[in-house]
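All remarks here apply to the structure that follows.
Read-outs: derived from the displayed coordinates by stated rules, not from any lab. The structure presented is a predicted model; accordingly, all values stated were derived computationally and were not measured. FYI the Cβ positions are ideal-geometry reconstructions off the backbone, even for glycines, and counts take in every protein chain you see.
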Amino acid sequence: MASDKVMQVSDADFDSQVLQSGEPVLVDFWAPWCGPCKAIGPVIEELAGEFQGKAKIGKMNVDDNPATPGKYGIRAIPTLILFKNGEVVDQITGAVGKPQLTALINKAL
């Protein structure tokens, strides 16, 4: 299911992959048992292709990586957080449509 365009982010590499990135990074906090998370999966894949070279798209399994979601106060999934220069730019909780996510990423470019 994961494509080579979507990075898999873990607690261990979150700082290097996301906070130190030169490009904006949209991180999808998800879990395998979450229905809405699965529903937006294909949209995340499409965005990764469309924004390649401009922004990074990552996914973090909250079951496997509890520290980072805890740090950012994530209570519900899917939660998508957009980071730029190590800072949170914006956050969306719930399965939203591609137009909303596209607009979110474009704000950070």
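Among the residues that make up the range 10-33, is at least one of them more than 13 Å from the chain's Cα centre (by Cα), of a type in the set (F, W, Y) and assigned to a loop (DSSP other than H, G, I, E, B)? Yes: one or more hits. Candidates in the range 36-66 are the residues that are among the aliphatic types (A, V, I, L, M) and part of a loop (DSSP other than H, G, I, E, B); of these, the one that is farthest from F83 (Cα to Cα) is V62. For E45, the stated conditions do not hold, so it cannot be described as out of contact with any Asp or Glu (no Cβ under 9 Å at 6 or more places or on another chain) and exposed (fewer than 12 other Cβ atoms within 10 Å of the Cβ).
Out of the range 73-109, which residues are surrounded by 14 or more Cβ atoms within 10 Å (Cβ to Cβ) and either outside any strand (DSSP E or B) or in contact with a Gly (Cβ under 6 Å, 6 or more places away or on another chain) (or both)? Correct list: I74, I77, P78, A95, V96, K98, L101, T102, L104, I105, A108. Taken over the range 3-59, the criterion of being among the hydroxyl-bearing types (S, T, Y), in contact (Cβ under 8 Å) with a residue 24 or more places away in the chain and over 18 Å from G73 (Cα atoms) is satisfied by S3, S21.
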